[in-house]
Protein chains: 4
Amino acid sequence: MGVMRIGRAELRVMDMEKAVDYYTRVIGLEETGRRDGRVYLKAWDEYDHHSLILQEADSPGMDHCAFKVETLEDLARYEKKIEHFGLTLKRVSNRSRLGEGEAIRFELPTGHQVELFHEIDYVGKIMGLENPHPWPDNLRGIAPHRLDHVLLTGDDVDSTTRFFIEALGFHQSEKIMSVDGEVTIGSFLFTNNGKPHEIAFIKGPDKKLHHAAFFVDNWYDVLKGADILSKNNVPVEVTPTRHGITRGLTTYFFDPSGNRNEAFASGYITYPDFKTITWTEDKIGQGIFYHRREMLESFGRALT
Amino acid sequence: MGVMRIGRAELRVMDMEKAVDYYTRVIGLEETGRRDGRVYLKAWDEYDHHSLILQEADSPGMDHCAFKVETLEDLARYEKKIEHFGLTLKRVSNRSRLGEGEAIRFELPTGHQVELFHEIDYVGKIMGLENPHPWPDNLRGIAPHRLDHVLLTGDDVDSTTRFFIEALGFHQSEKIMSVDGEVTIGSFLFTNNGKPHEIAFIKGPDKKLHHAAFFVDNWYDVLKGADILSKNNVPVEVTPTRHGITRGLTTYFFDPSGNRNEAFASGYITYPDFKTITWTEDKIGQGIFYHRREMLESFGRALT
Amino acid sequence: MGVMRIGRAELRVMDMEKAVDYYTRVIGLEETGRRDGRVYLKAWDEYDHHSLILQEADSPGMDHCAFKVETLEDLARYEKKIEHFGLTLKRVSNRSRLGEGEAIRFELPTGHQVELFHEIDYVGKIMGLENPHPWPDNLRGIAPHRLDHVLLTGDDVDSTTRFFIEALGFHQSEKIMSVDGEVTIGSFLFTNNGKPHEIAFIKGPDKKLHHAAFFVDNWYDVLKGADILSKNNVPVEVTPTRHGITRGLTTYFFDPSGNRNEAFASGYITYPDFKTITWTEDKIGQGIFYHRREMLESFGRALT
Amino acid sequence: MGVMRIGRAELRVMDMEKAVDYYTRVIGLEETGRRDGRVYLKAWDEYDHHSLILQEADSPGMDHCAFKVETLEDLARYEKKIEHFGLTLKRVSNRSRLGEGEAIRFELPTGHQVELFHEIDYVGKIMGLENPHPWPDNLRGIAPHRLDHVLLTGDDVDSTTRFFIEALGFHQSEKIMSVDGEVTIGSFLFTNNGKPHEIAFIKGPDKKLHHAAFFVDNWYDVLKGADILSKNNVPVEVTPTRHGITRGLTTYFFDPSGNRNEAFASGYITYPDFKTITWTEDKIGQGIFYHRREMLESFGRALT
């Protein structure tokens, strides 16, 4: 199968204490460890040791994101494909991170650091593997099921798309094109797990994070999430709505360092034979905010 | 990737007119063609020519089900694996069915006929591929997104499970075991599309269909579905509830010939590294009907 | 206006510790006081001192229920109407119960004890009256908004209905009649607060409680409620479904003493000019369980 | 009881054909009659002949709104109270409107025309009064249950509030006050039917309509409504969110003439002893748009 899913994002935060409070109490992730000044977190419905790493830094943003591959052989196989595509690549040695084995690291044409890894400690879910209840007691905050996807900005959306398709076996679910069809403004990419996107790119400054998204089950959970954000005075940029792109249900907000987060639900299922949907730039408002049908100035501008 | 999804089920119905009325007006599928006494149908969110075929017959049941594979090469590759596993196999020639290319057909250890195919006409969704709306106007009935899975009964659940894993690359999300751990009572199998099950088997008489399930988006759609069933006087066997197994939300009912249908929503996401959940037989009630927590006599008995 | 709402039910429980644990941790009520061996509770969205009183006893059931009237004058006015109707009545003196002023008490034709009261201590909601959040933090369990209604059984449903209409100004939203129209099998009564029923009666043994219902906001909260009941191993008699009568969404279950509870959501709005809906006994299954469309044996039998 | 509910709003529209298409196909009301250039409409869950009247005019806005009282005696009683309060009043004769008996008409301190009426033809619901289904087949568009409330603007919010409380027996659920507590900026008024508001006033120009609201059952119906608006290219001003005030779930949009509409769901229950909630002007953003927490410029400005 190859790439199974986005396995983690490492975010830069400017005040670790505030960040941990936000990601555990408001988002509702569970802290699974600390080392080297980094805090490791997972969602209740994930079984790997972590899916989010917080790193204290002078500015916000995404240090890197990483995809988990099915086997160690995949790692070797992708190594060749990535080098063949022409990206420079380095090995990250075993246990460089808490709970993880070795990884390979490379830089996208958009300047983002991405890793592939296979080994990570299995922590499991609170409900266990025998006669489990559907959800654990004592959930806190928004309590998403998982890290869902990241959306990044960069100049060379086309090469980056081509890289994910050719080297990593991704497929493109949707793209946003200039009206003349010449310029790719957005590209949404999925791997073989049925989700509408695992990672996506919007034309913009290189190396920037647009948002990291967490999955919630349904439209009522999006509402509960937005309520919790207001109760906790978290800045909400986009109140609950639907995306035209992916059909997903969504709300956007910012962590204490200004990294944009999303609570995302629903969306269609994808398979390798899913035909790419095209949005033309004149309909980008409807594509991104299906109800509002116009872009939000901050949404294109606030990047970390 | 190999097997992408369940591509169709062909059901035997005893009164074609009633069956078509039920599957189009109550379930809300769209008729896409007729040939050789068979009626072909698809759901609004599917893009292949059909996912359900109705065949008039003297008794209800499932003629066969079929899985769509990603490439023609997959078909050849699986042919070898299936023969190597020891199942007899035959080729179904191109255009034996309306809108379909060639297929391979084999019999499971449980006696069910299963096919793999790759070629099928692309019909698309009403919303199209450019700036699409999230759902079409004029939906009717329960209006599921897709055929979701089938559950079959048979004696040799273990060999059948092994076949799907070894020959077809499936994984097992859940199993039901006798309390002593000796006998496999149920087996739930998924392929690489994130769904909790694509096909499942329960110990029972060979060659029988337990149910064919259609996917709806959420718990309110399960309610709307159950309301529509009552309005149309359709026999509802299991009113809206949650499964322990898959965590899915569900209601069960019967088509006019007595084939059991399910409206199924939600459920967790799967990946190849998902560890199999085990239910012990003493908790089977909770596993199947999480709220009722006891088996329903008809649920084990009514098979077609 | 007169009768504003059901103000409380006093239930008999056989093990106070278990009962308090259930009503606070599983149902999610808040304990507001104890006196004379009784425990007083309220829901988070109620502002009066209590809506549920638990009394330890040798057998389960409802000691009495009580309606809150708008003014002290209403109390005097209803006193006359009740005596004029022919029921014997007594005054309950001020502070006989924790947090309450005086009340009037009378016995229905069905043998149930009912009270009217006006004065009760104002406790308020955690969110307060200035710039309140929509719901408080730290909700537990099913967390209903309020005590919603009680359903009682008795022989003389007609006189009891007439009493509520003529003496207390209620209206009848629905009734269940024998097919020949001669016998009233069920009667659903509302007062001027928009709810589909405040109290209801089903023909059966006198003095018995069929159920006490708590209001939850929506169908997802009914699901959450049913999940919580299973997690806590509470006996669930009726899994989530819709009533034909009132259109409400519902699940039924039992407290540790065997008193039936309901989590009830939705339902239509009523006004004084709402015309009574009639269910004929041959459709009683559909009226009570809209999806199942047949009565459940235990539902008519288990009374406390 | 007196005032039972808002019985109708008569809106001015500039293109009757477009307006009827919008209110029947997009909103999903049913046309019940035409006379004198006016079109009469009702929602599927209302039983009176109409709740909305469309009147062709050169400018949009609300001609008047009217409340239905329980009895003819109420009409005479309110007549005296209204005159005693000091408002001039006139009788509207029987059958001045299609399907209606006589009414009394008066002008609020804010300049709005308001009527009280009792007699109106009973049309009923499609489901009927015997063994009814919970909802009719063939619903179209947003398909609200009813006209829910209107919000008007005017200068003298205090006198208008006092009028509704003293003359018409309303209660105040919420108010918005300037931070110094001197000026009433908003006033939300309910009658005895459990709803959080039947009519409301915001300080602003006299005689203006801010919005007319239709009730939908739940948060998923708000989403479906917003989707339908986008599909039909209706301008959506406020995408799905929660109000702090009333806790209601909402989306705002405009009819083809620019009259603002709302799809409103949920909200708390009220009784006469509900204590008024106070919002301070510094929190008005949170009060109106609980998730966004800031006012929307157009929301205060676009009036008809």
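The values are calculated or read from the model by the stated rules, or taken from the named source; none is laboratory data. Since we're looking at a predicted model, the values are computed, not measured. Every residue, glycine among them, receives a Cβ derived from its backbone with ideal geometry; neighbour counts consider all protein chains shown. Remember, those area values only see protein heavy atoms, side chains included, never the ligands or the DNA or RNA. Shrake-Rupley method; radii C 1.70, N 1.55, O 1.52, S 1.80 Å.
Between C:Asp63 and D:Asp155, the modelled labels are 5.9 nm apart [label points 7 Å from Cα along Cα→Cβ]. Entry note, the protein assembly as shown: the mean residue ellipticity at 222 nm calculated from DSSP H runs of n ≥ 4, each adding -39500 (n - 2.57), is -5000 deg cm²/dmol after division by the residues and rounding to the nearest 500.
Since only D:Ala19, D:Ala66, D:Gly37 are under comparison, the one whose Cα sits farthest along the positive direction of the charge dipole of the range D:1-130, derived from C-beta charges on Lys, Arg, Asp and Glu, is D:Ala66. The calculated FRET efficiency for the pair C:Ser93 and C:Glu56, based on their C-beta separation and a Förster distance of 25 Å, comes to about 0.65. With the convex hull of its Cα atoms as the shape, the range A:168-304 has an orientation-averaged projected area of 8.5 nm².
At a cut-off of 50 Å², which residues of the range C:119-153 become less accessible once all protein chains are present than in their chain alone, using a 1.4 Å probe? Flagged in the range C:119-153: C:Leu129, C:Asn131, C:Pro132, C:His133, C:Pro134, C:Trp135. Shielding value for B:259-270 is 2, the average number of Cβ atoms from other chains within 10 Å of each residue's Cβ.
Distance distribution note for the range C:225-304: the fraction of Cα pairs above 14 angstrom is 66%.
Each 10 Å bin from zero up to the one holding the largest Cα-Cα distance in the protein assembly as shown carries the following percent of pairs: 2, 9, 17, 22, 21, 16, 9, 4, 1, 0. Between the range C:1-61 and the range A:258-296, what is the C-alpha centre distance in whole Å? Spelled out, the Cα-based centre of one part sits 49 Å from the other. Between chain D and chain C, the total buried accessible area stands at approximately 3900 Å², from heavy atoms with a 1.4 Å probe.
Spin-label model, C:Tyr122 to B:Thr276: label points 7 Å out along the Cα-to-beta-carbon direction sit 6.3 nm apart.
How would B:Trp219, B:Trp135 line up by accessible area, probe 1.4 Å, largest first? Spell out each step's value before the answer.
Details: B:Trp219 0, B:Trp135 50 Å².
Putting B:Trp219, B:Trp135 in descending order of accessible area: B:Trp135, B:Trp219.
Chain B residue nearest by beta-carbon to the axis mapping B to D, with distance in Å: B:Tyr220, 2.
Measuring against 25 Å, Cα to Cα, the residue pairs C:Lys42/C:Lys231; B:Lys68/B:Lys207; D:Lys125/D:Lys231; A:Lys283/B:Lys125; C:Lys68/C:Lys207 contain D:Lys125/D:Lys231 as the ones spanning a longer distance.
Across the copies of the chain, B:Ala76 has label points (7 Å from Cα along Cα→Cβ) spaced 2.6, 9.6, 9.9 nm apart, shortest distance listed first. Each part gets one Cα centre, and for the range B:177-195 versus the range D:150-223 those centres are 58 Å apart.
Once all protein chains are placed together, C:Glu297 keeps about 130 Å² accessible to a 1.4 angstrom probe. The other copies place their C:Arg162 label points at 4.8, 7.7, 8.9 nm from this one, listed shortest first, where each point is 7 Å from Cα along Cα→Cβ.
Report, to the nearest whole %, how much of the accessible area of the range D:96-191 belongs to carbon and sulfur atoms, 1.4 Å probe, protein only.
Working: 1430 of 3230 Å².
The nonpolar share, carbon plus sulfur, comes to 44 percent.
Computed over chain C, the Cα gyration tensor eigenvalues convert (square root of 5λ each) into semi-axes of 26, 25, 19 Å, ordered from largest to smallest.
The mean number of Cβ atoms from other chains found within 10 Å of a Cβ in peptide D:284-292 is 4, as a whole number.
Averaged over its residues, the range C:3-117 has an accessible area of 37 Å² per residue, based on protein heavy atoms and a 1.4 Å probe. Here's the list of aspartates and glutamates a cross-link from B:Lys18 could span, going by alpha-carbon distance under 17 Å and ignoring same-chain residues fewer than 8 apart: B:Glu10, B:Glu30, B:Glu31, B:Glu56, B:Asp58, B:Asp255. From most to least packed by mean Cβ count within 10 Å, the peptides A:253-259, B:241-247 give B:241-247, A:253-259. Bridging of A:Lys175 to aspartates and glutamates at a Cα separation below 12 Å is possible for A:Asp158, A:Glu281, B:Glu130, once same-chain residues fewer than 8 apart are set aside.
Need one number: % antiparallel among DSSP beta bridges in chain D, to the nearest 5. Here the share of antiparallel DSSP bridges comes out near 70 percent.
Hey, quick one: spin label on C:Asp21, modelled 7 Å out along Cα-Cβ, who in the range C:216-241 has an amide N within reach, i.e. under 18 Å? C:228-236, by backbone N distance to the label point.
Close amide H partners of B:Glu102, meaning residues 5 or more places away or on another chain with modelled amide H under 5 Å apart, are B:Asn94, B:Arg95, B:Glu119.
Across the identical copies, the label point of D:Glu119 (7 Å from Cα in the Cβ direction) is separated from its matches by 4.7, 7.6, 8.9 nm, in order from shortest.
For peptide C:220-226, compute the average count of partner chain beta-carbon atoms within 10 Å of each residue's beta-carbon.
Numbers: counts 13, 1, 3, 10, 3, 1, 6.
For this peptide, the per-residue mean of nearby foreign Cβ atoms is 5.
Which loop-located GluC sites (Glu not before Pro) does the range C:1-81 contain, where loop means any DSSP state but H, G, I, E or B and the Cβ has at most 13 other Cβ atoms within 10 Å? Spell out each step's value before the answer.
Working: sites: C:Glu10, C:Glu17, C:Glu30, C:Glu31, C:Glu46, C:Glu56, C:Glu70, C:Glu73, C:Glu79; in loops: C:Glu46, C:Glu70.
Taking the range C:1-81 and a limit of 13 other Cβ atoms within 10 Å, no loop GluC sites (Glu not before Pro) are found.
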